[in-house]
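Novice: The structure's right below; bear with me while I get my questions together.
Since every read-out is calculated from the coordinates, none of them should be taken as a lab result. None of the values given here were measured: they were computed from a predicted structure. Cβ: placed from backbone, ideal geometry, glycine included. Neighbour counts: every protein chain shown.
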Amino acid sequence: MTTIAVILGSTRPGRNGEAVARWVLDLASRRSDAAFELVDLAEHPLPLLDEAVPPAMGMYQNEHTRRWAETVARYDGYVFVTPEYNHSTSAALKNALDFVSAEWNDKAASFVSYGSVGGVRAVEQLRLVAAELQIATVRAQVALPMATEFENYSTFTPHDHLVPQVDTMLDQLVAWTKALETVRAARPVAS
C-alpha cells in the first residue's frame, strides 16, 4: 500500500497548523488508494542542523538524525502543511527538510498552506527546496487565507468549497507517488 505522510510543518505553541493537518488527514483517510499518517514535527525535535557531514553524503552521526531519516524514508509521498511566516515557510519545516537527503529523493509531494494570502509564498519557496531534494511536486495545492478560513484569524473553520481542492491535490499526489515507485525501484542497490 502506498503510504503518504501529512507533515505538520509548524511547532509553534498555539499553532493553527494542527487543526489544518488533522482536517487534511481526515479527508485523506476516506480514500482507499493510499494510507495517510500524520507526522508532527513537534514530535520529532531536531536542533538546528548539527551534522558535520553534508546530508547528501548520508553519513548521519546523531541519533536524532537517524530517527528522522527512518521516519522520512518510511513514506512514499508527502503532504506538507505549512504556515507562512515572513513570506516563507517555518524554520522548523525548512530545517527538517535540510536534515536528510536521499530519504526524500524520487518521491512526490503536495502542499496545504495557510497565512495572510493563503501561504502561497511559503509554498513557492518550498517548491525550490523540494526540487533540490529530488521531490516531485504536484501543481494542485490548497491555500487557506486567514481572513476567510479562520474565525477571528485563529480558529480553523474550513468551508466546503475547499474539499474538491483537497481531492484534486490528493488525486495528483497519489498518481505521482505511484508513478515514482518505478523510479525508486530502478535505483542501484547500495553495496
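Novice: Please work out if Thr65 is part of a helix (DSSP H, G or I), out of contact with any strand residue (DSSP E or B) (no Cβ under 8 Å at 6 or more places or on another chain) and either crowded, with 20+ Cβ neighbours inside 10 Å or of a type in the set (S, T, N, Q) (or both).
Specialist: yes
Novice: Follow-up question, since we're still on this one. Which one is farthest from the chain's Cα centre (by Cα), of the residues in region 145-164 that are assigned to a helix (DSSP H, G or I) and either hydroxyl-bearing (Ser, Thr, Tyr) or crowded, with 16+ Cβ neighbours inside 10 Å (or both)?
Specialist: The residue in question is Thr148.
Novice: Let me ask something else about it. Could you check how many residues of region 93-132 are of a type in the set (S, T, N, Q), within 25 Å of Asn16 (Cβ to Cβ) and either buried (at least 19 other Cβ atoms within 10 Å of the Cβ) or in contact with a helix residue (DSSP H, G or I) (Cβ under 6 Å, 6 or more places away or on another chain) (or both)?
Specialist: Residues in region 93-132 being of a type in the set (S, T, N, Q), within 25 Å of Asn16 (Cβ to Cβ) and either buried (at least 19 other Cβ atoms within 10 Å of the Cβ) or in contact with a helix residue (DSSP H, G or I) (Cβ under 6 Å, 6 or more places away or on another chain) (or both): 3 in total.
Novice: Quick test for you: out of Val53, Val72, pick the one residue that is closer than 20 Å to Glu132 by Cβ, among the β-branched types (Val, Ile, Thr) and assigned to a loop (DSSP other than H, G, I, E, B).
Specialist: The match here is Val53.
Novice: Here's something else I'd like to know. Would region 133-144 turn up any residue that is of a type in the set (A, V, I, L, M), surrounded by fewer than 20 Cβ atoms within 10 Å (Cβ to Cβ) and in a helix (DSSP H, G or I)?
Specialist: no
Novice: Mind counting the residues in region 93-132 that are in a strand (DSSP E or B) and not aromatic (Phe, Trp, Tyr)?
Specialist: Taking region 93-132 as the starting set, the residues that turn out to be in a strand (DSSP E or B) are 107-115.
Among the residues that remain, those that are also not aromatic (Phe, Trp, Tyr) are: 107-110, 112-113, 115.
Final tally of qualifying residues: 7.
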